Amino acid sequence: MSLPAHQPDDPPYLKGLNAPQRDAVMTTDGPVLVLAGAGTGKTAALTARLAHLLYTRKAYPSEILSVTFTNKAAREMRERVRNIVGDVVEGMPWLGTFHAIGAKMLRRHAELVGLQSNFTILDTDDQLRLLKQLVLAADIDEKRFPARALGGLIDEWKNKGLTPADIDAGESERWANGRGGELYQQYQARLAALNACDFGDLLLHMLVILRKDRAVLSQYQQRFRYIMVDEYQDTNSVQYLWLRLLAQERKNICCVGDDDQSIYSWRGAQVENILKFEKDFPGAKIIRLEQNYRSTPHILAAASGVIANNGGRLGKTLWTQESDGEKVRVIGVWDGPEEARRVGEEIETLQRGGKSLDHIAILVRAQHQTREFEDRFIAIGMPYRIVGGFRFYERAEIRDALAYLRLVNQPADDLAFERIVNVPKRGLGDKAVQKLHLLARAEGIPLSLAAARILDSDELTPQARRALGNFVIDLARWRAAANDLPHPELARLILDESGYTGVLQVEKSVEASGRLENLNELVRAMEEYETLGEFLEHVSLVMDNEAGAQDPQVTIMTIHAAKGLEFDTVFLVGWEEGVFPSQRALDEGGLASLEEERRLAYVAITRARRRATILHAANRRIYGQWSSSIPSRFVGELPRAHVEEESSMTGGESLWRANWTTHADPFADVGRGTGRGPGWQRAAGVGGGGSGFVREPARIVEARASAVSIGNKGRSDLALGMRVFHQKFGYGAIAEIEGNKLEIDFENAGRKRVMDSFVTIG
């Protein structure tokens, strides 16, 4: 296979590139960091650079390491380069994802970490099965210390480049009272005995080899004349360390990324990697791609105005040659249902105007927010798709909860019985369930009745009989409670007493927290229906409603899932404090999490090509209780000249301007000990954990509702030195008054800044 002949004229891959893009392509020697803003054509520049290295014979295909994060990105790059330089791209064995390249390297040097070259790569299910075996053998209560949680912790350690020998006592304490490190060691030993590794090992093992074996390190440093990395802002510690070792000899490394779009810290990404590039590679050239080819000037200005409030960034200013277009709209609505109705009406108007539903998206911060829109769209016949997840009522935890409710409502529902008889685990094996089926078929009775009858026999082991007996008793108690309790309360009772929410609370993972939020939303949805039967009928109709796959559909997805995508029209919903930015993220990560949430807002806005609409509600019903809210601080950071405000509520300056334009400290309490934004009252969610908000006295809710209409006027019945009561902080004296915001010296909580509608005169 021969390389294409060198052409003295301007090569075809440079045509259509702007000056900074050309600079990124032509600057081949030495370290280069390409800061590529949203929609600035970074893929075109990266592909052209790779083609340039081959076209000019600066390197053979096998001498270029080109790393991506997804197989899709690797395939796209390979295809684009093929269109430029032909089949020579097939000779590039080192173009692929981090894990694919790590596996290729590891198979060549497996013996250096105690493996054979034909090692097996375990999937997540096999990994979990192995961890459960080790937890059982260690006589650790798997209910208190789930193997899944241990697996998440081990994955985190591997993403940080930590071997079992690196785990100190503090890290080990994070699982099973200090036994985390011990189980990690056993897990790695078991993997070696099985001649297997998990995905984290593919890079961790190679990092260990490169650190310990100078000959292997030198071999790869000499082999790779050029290194190229896409989405560098998403690299974790082990990827960063691996790349830095490989690039130290020649230093011909080009990293492309955007520090303003680093939104994956929850899976190990570290924005610091891109921020310290110049320190890692002194003399590095920084090239900024700032010409945006996607969005209008108003949209770009709005996004830039928000992200400018972050401190940890390298900085760039997006611009475009497009016409101004429509301003970003900010719409205040009364509550969540009105938000869904308003978005539905807006989309119907666009549809009547000839706009395709395929070019319209609704972006949410968390999966549980999709439910309100799904129900509304079903009601009005609006086709939609959920991207990056299941429809709300199709999610596993929702189907499990519905199965419990169906079985309580209809004891003969065998399908519901089968689904939850051992969910969560009760010690009922397949053999016990099989015996239930045999008895039910023999006597022509439902499984729930067969379960009650089999308890009087010796068909089951004592353990299975005890577990099934407890389940039968629970079902009877819940059916009796259904006669007295409102069905939302019944759902909470079942989820608690079954142990379902307890398992999720113990797991303490991002996924488990999301499932708890979904269960909270399910309970909230039930309140809109008179009876349990009516609600279950509604769910059945929703589940049966599927638009044809070929029909245009509105896209509903999380902001995380939307990264890399674009739509003509984007609706950004739920922009309220505690929802976005996420209160849980702020509680757990403080200022660093706030900056990541703000990057998420930047990503959300820049998904829009022509129209961006932000909505916030004055009230949300969360965990069965209405709670007033204030608009997201990100709404207050939008530059006024590029925003058009609208509200279904009347009077005064808009709530978001009143709350945020004069806010002295936009981070409020976060970072000063409590980790909570202004005005949010935390409480237990389903099962007593997770999200949810305290129900407040009616007078406080009414006062906050009135604040929507009076803007920034403040209450006339408050004065300096007055003693007041706050439901969260207790009693205190007013130290400062600024419009409708108070500085209060609380007797037990110190000085806090709160909204006046949150206090009563003590």
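The values are calculated or read from the model by the stated rules, or taken from the named source; none is laboratory data. Note that this is a predicted model, so its numbers are computed, not measured. Glycine also receives a Cβ, built like all others from the backbone with ideal geometry; neighbour counts cover every protein chain displayed. Only protein heavy atoms, including side chains, enter the accessible area calculation; ligands, DNA and RNA are left aside. Shrake-Rupley method; radii C 1.70, N 1.55, O 1.52, S 1.80 Å.
Brief remarks follow.
- Per-residue packing, averaged as other Cβ atoms within 10 Å, sorts the ranges 256-263, 520-527, 267-274 into the order 256-263, 520-527, 267-274, beginning with the highest.
- Exceedance of the 19 Å cut-off in Cα-Cα distance is limited, within the set LYS508/LYS563; LYS42/LYS316; LYS42/LYS563; LYS72/LYS355; LYS72/LYS160; LYS42/LYS285, to LYS508/LYS563; LYS72/LYS355; LYS72/LYS160.
- Solvent-accessible area per residue in region 1-116 equals 42 Å², computed with a 1.4 angstrom probe and all protein chains kept.
- Computed from Cα atoms alone, the Kirkwood hydrodynamic radius reported for region 357-462 is 16.6 Å.
- Bridge type composition, the chain - antiparallel percent by DSSP, nearest 5: 35 percent
- Rounded percent of accessible protein surface that carbon and sulfur make up, region 317-386, 1.4 Å probe: 45 percent
- Toward the positive end of the charge dipole of region 308-458, with +1 on the Cβ of Lys and Arg and -1 on the Cβ of Asp and Glu, the farthest Cα among ILE347, SER448, ASN310 is that of ASN310.
- Cα→Cβ-extended label distance, 7 Å offset, between ALA480 and THR124, nm: 4.1 nm
- Note on LYS435: lysines with a C-alpha under 27 Å away, same-chain residues under 8 apart excluded, are LYS132, LYS143, LYS425.
- Packing, as the average of other Cβ atoms within 10 Å across residues, places the peptides 408-419, 11-22 in the order 408-419, 11-22, highest first.
- Relative contact order (%) - criterion: Cα under 8 Å, at least six apart; region: the chain: 13 percent
- ARG225 sits with roughly 90 Å² accessible to a 1.4 Å probe, with DNA, RNA and ligands left out of the calculation.
- Accessible surface of HIS642, taken over heavy atoms with a 1.4 Å probe and every protein chain present, rounds to 50 Å².
- Using a probe of 1.4 Å on the protein chains alone, the accessible area found for CYS255 is around 0 Å².
- Carbon/sulfur fraction of accessible area - region 132-235, other protein chains in place, 1.4 Å, %: 47 percent
- Residue among THR531, ALA617, LEU122 farthest towards the positive dipole end of the chain, charges placed on Cβ: LEU122
- Probing with 1.4 Å while keeping every protein chain in the model, the per residue accessible area of region 316-380 equals 42 Å².
- In this simple spin-label model, placing a label point 7 Å from the Cα along the Cα-to-Cβ direction at both LEU136 and GLU278 gives a separation of 5.7 nm.
- Assuming charge only on the beta carbon of Lys and Arg (+1) and of Asp and Glu (-1), the dipole of region 85-142 about its Cα centre is about 280 debye to the nearest 20.
- Listed peptides 383-389, 489-495 by packing density, highest first (mean Cβ within 10 Å): 489-495, 383-389
- Over region 512-621, the pair-distance histogram of Cα-Cα distances with 5 Å bins from zero comes to 2, 9, 14, 17, 19, 17, 13, 7, 3, 0 percent, rounded to whole numbers.
- Cα centroid of region 43-81 to Cα centroid of region 507-540, whole Å: 47 Å
- For the chain, calculated [θ]222 nm from helices alone, where every DSSP H run of n ≥ 4 adds -39500 (n - 2.57): -13500 deg cm²/dmol
- Whole-percent carbon and sulfur share, accessible surface of region 391-445, 1.4 Å: 51 percent
- Cβ charges +1 (Lys, Arg) and -1 (Asp, Glu), total dipole of region 1-104, debye: 240 debye
- Normalised per residue, the accessible area of region 173-312 is 36 Å², obtained with a 1.4 Å probe and no contribution from ligands, DNA or RNA.
- Farthest positive-ward along the chain dipole, Cα basis, beta-carbon charges - from ALA401, GLN434, GLN219: GLN219
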